[in-house]
1. Restricting to the range 89-110, name every residue that is exposed (fewer than 11 other Cβ atoms within 10 Å of the Cβ), more than 30 Å from Asp46 (Cα to Cα) and not aliphatic (A, V, I, L, M).
2. Within the range 121-141, track down each residue that is surrounded by fewer than 24 Cβ atoms within 10 Å (Cβ to Cβ) and within 14 Å of Ser106 (Cα to Cα).
3. Among the residues of the range 69-88, what is the count of those that are crowded, with 17+ Cβ neighbours inside 10 Å and touching a Phe, Trp or Tyr at 6+ places or on another chain (Cβ under 8 Å)?
4. Do any residues in the range 93-108 that are at pLDDT below 90 have Cβ atoms under 9 Å from those of residues that are surrounded by fewer than 17 Cβ atoms within 10 Å (Cβ to Cβ), where the two are at least six apart or on different chains, and which pairs are they?
5. Would you check which residues across the range 1-42 are outside any strand (DSSP E or B), modelled with pLDDT of 80 or more and not aliphatic (A, V, I, L, M) and list them?
6. What number goes with the only condition from (1) crowded, with 20+ Cβ neighbours inside 10 Å; (2) farther than 19 Å from Ala38 by Cα that Ala113 does not pass?
7. Report yes if some residue within the range 58-67 is over 18 Å from Leu21 (Cα atoms), assigned to a loop (DSSP other than H, G, I, E, B) and β-branched (Val, Ile, Thr); otherwise report no.
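The values are calculated or read from the model by the stated rules, or taken from the named source; none is laboratory data. The shown structure was predicted, so the numbers you read here are calculated from the model rather than taken from an experiment. So basically every Cβ, Gly included, is an ideal-geometry build from the backbone, and we count neighbours across all protein chains shown.
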Amino acid sequence: MTAPLMEGSPGGGGGAGGERLRFKDFEFQRLASGRCRAKVVLTWSDGRQFTGESDGVISQAGELRCCAEATVRALERVVQPKMGFELLGVKAVRAFDAIVVIVSLSARQESRASRLVGAYLAETDPPRGAALAVLNATNRILGNFFATR
């Protein structure tokens, strides 16, 4: 499934010529060892792919963190060394008769850091929702990053 990384922003965000980063693939596995593994693939309009992987423990919090961390790692492959991200927290909450995944990140660019928050309505797949919540948290800052590239 391909969805724009800059979901919700006019024109899809990105640099010249409508270029943008896309959410291309998401894989999540629960392993017999009691651990889990996530893989996120982002792709650029020229075909370059940026993959992030992470592993964690099987629990609601562990699975969400694993998926969010895989997304952070994929994003860092795109923006390093000019920008970096740190996952501060991830949580699924029940709100408005639905499951909402919320993430908190720190974004470092040059000598300054800013705090980002993102959310995703994850009715049927909270692990995938955690990955998309990270993308929602970083939309604006990545749009600015690509516009000045």
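1. Correct list: Arg94, Phe96, Asp97.
2. Asn136, Asn139, Arg140, Ile141
3. At the first step, the residues of the range 69-88 found to be crowded, with 17+ Cβ neighbours inside 10 Å are 69-75, 78-79, 83, 85, 87.
Now narrow it down to the ones that are touching a Phe, Trp or Tyr at 6+ places or on another chain (Cβ under 8 Å): 72, 74-75, 78-79, 83.
Number satisfying all stated conditions: 6.
4. Partner pairs satisfying both residue conditions: Phe96/Leu121.
5. Here is the first cut: in the range 1-42, the ones outside any strand (DSSP E or B) are 1-2, 5-21, 31-34.
Next cut, modelled with pLDDT of 80 or more only: 21, 31-34.
Listed by number, the residues that qualify are Ser33, Gly34.
6. It is condition (1) that Ala113 fails.
7. For the range 58-67, residues over 18 Å from Leu21 (Cα atoms), assigned to a loop (DSSP other than H, G, I, E, B) and β-branched (Val, Ile, Thr): present.
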